[in-house]
Amino acid sequence: MEEFFWVRAGPVAHRLVLTSVSSSLSHASPNRLRRPPRFGVAREQSSRMSGEEEENAAELKIGEEFLKAKCLMNCEVAIILEHKYEQIQQHASSDSDPSSQVSQVFEKSLQYVKRFSRYKNPDAVRQVRETLSRYGLAEFELCTLGNLCPDTSGEATALVPSLKSAGRFVGDAGNDKIDKMLNDLSLIKKFE
Amino acid sequence: MFFHIVLERNMQLHPRHFGPHLRDKLVSKLIKDVEGTCSGRHGFVVAITGVEDVGKGLIREGTGFVTFPVKYQCVVFRPFKGEILEAVVTMVNKMGFFAEAGPVQIFVSNHLIPDDMEFQSGDVPNYTTSDGSVKIQKESEVRLKIIGTRVDATEIFCIGTIKDDFLGVISDPGAAV
């Protein structure tokens, strides 16, 4: 099983990417070729080649683009997707389309975030984000903590090692601060 | 991790759609084309939440199709190396187990399962500690760390580990009953 896994993901993947590069180039208009393609496959391949070795979420190396982007906690995604799912269903019933119109990715994501949402209530979700954002966390750290809800400062730093970087939560004072943050979170959960 | 990001795409539209509902047509085509796709750079596009801007269309020579640059906001799921997340076990065998976190498949090899957990074959194949207190089987919820990602043209595979502090089973379906 393992072998099959790697073989399939190995050379085949490489070939697929290469063919898609050449096909995207042949379709591209001359106009598009002159400037660097911003979201094109060609750029994607080269940036991955150079950037892949360095990617490490534990050190918050997730690429400029995602570092600046807004992260979403599972509970937030659940709210967004459920809202969208309702909209689609309403639409589908009037058009007499089957409600299985959504993509597999959408469906799997919805199931996943429903299963792993720590907070169900939209107000609680907002509170969690507000509380965590008072501690000077990066978006990625904030969401990891919000998703996993560790119980102790030891667990929190094991799950999010980058907390200890940049001198934010150093020594015992830092641990106390983390404990206080986690305590705030558990209170929100309790009073939800 | 899920992200909310802004992406751009050049959409080609047939001239028959030009009219009062051009924008609607463009948006529905965008959703159809983009939702559910996957790229190595941005991960899986789960849902489009809004269209920020539709740029000026450019008529393509020869065909009459018009290309519009469209900027849209979307929810994407992108796994990262070193990220810790929760996943549901989908299959267990002697090589390890597969788990799913949203759209992404994660394989945890038996080398990356703690040494005190042994594979038990049978009706419900599982990994169990010698004292039987912890069990990983289908539908178990596990917390794992991603240690490798591999990008296919249409999918992302991940390799994970549960051999680290604070990783492992969160709940197993057998114990819940």
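Please state the charge dipole magnitude for segment A:122-190, taken about the Cα centre, from unit charges on C-beta atoms (+1 on K and R, -1 on D and E), reported in debye and rounded to the nearest 20. Before the final figure, lay out each step's value.
Values: 9 positive and 10 negative charges, 28 e Å.
The dipole of segment A:122-190 has a size of about 140 debye.
If the cut-off is 22 Å between C-alpha atoms, which lysines fall inside it for A:K177, apart from same-chain ones fewer than 8 positions away?
A:K164, A:K189, A:K190
Looking at A:S117, A:S165, A:L145, which one has the Cα that reaches farthest to the positive end of the dipole of segment A:75-192 (charges on Cβ: Lys, Arg +1; Asp, Glu -1)?
Farthest towards the positive end: A:S165.
Below 8 Å between Cα atoms, with a sequence gap of 6+, how large is the relative contact order for chain B in percent? Walk me through the intermediate numbers first.
Numbers: 382 pairs, mean separation 36.1, N = 177.
Rounded, it is 20 percent for chain B.
If contacts are Cα pairs under 8 angstrom and at least 6 residues apart, what is the relative contact order of segment B:84-176 in percent? Working shown, then result.
On the way: 206 pairs, mean separation 27.5, N = 93.
Relative contact order here is 30 percent.
Along the Cα→Cβ direction, 7 angstrom out, place labels at A:E54 and A:D179. What is the inter-label distance in nm?
It is 3.8 nm.
Sequence gap of 8 or more, or different chains, plus Cα separation below 23 Å: how many lysine pairs satisfy both in segment B:63-177?
10
Say R0 is 41 Å: what FRET efficiency, to the nearest 0.05, do B:D53 and B:I170 get from their beta-carbon distance? Please report the intermediate quantities before stating the final value.
Numbers: r = 42 Å, r/R0 = 1.02.
With a Förster radius of 41 Å, E is 0.45.
Which whole-Hz couplings ³J(HN,Hα) result when phi for each residue of segment B:74-82 is put into the Karplus expression 6.51 cos²θ - 1.76 cosθ + 1.60, θ = phi - 60°, listed in order with x for Gly and Pro?
Going residue by residue, I get 8, 8, 10, 10, 10, x, 10, 4, x Hz, with x marking Gly and Pro.
GNM on chain B, C-alpha springs below 10 Å: top fluctuator among B:S140, B:S130, B:S39?
Top of the fluctuation ranking is B:S130.
Once Lys and Arg get +1 and Asp and Glu get -1 on their Cβ, which of B:N110, B:F2, B:I136 lies farthest toward the positive end of the dipole of chain B?
Positive-end residue among those listed: B:F2.
Under unit Cβ charges (Lys, Arg +1; Asp, Glu -1), what dipole magnitude, rounded to 20 debye, does segment B:84-176 have relative to its Cα centre? Could you put the intermediate results ahead of the total?
Working: 7 positive and 14 negative charges, 37 e Å.
Its charge dipole is roughly 180 debye.
Laboratory data are not the source of any read-out in this text; all were calculated from the coordinates shown. Quick caveat: nothing in here was measured; it's all calculated off a predicted structure. Cβ: placed from backbone, ideal geometry, glycine included. Neighbour counts: every protein chain shown.
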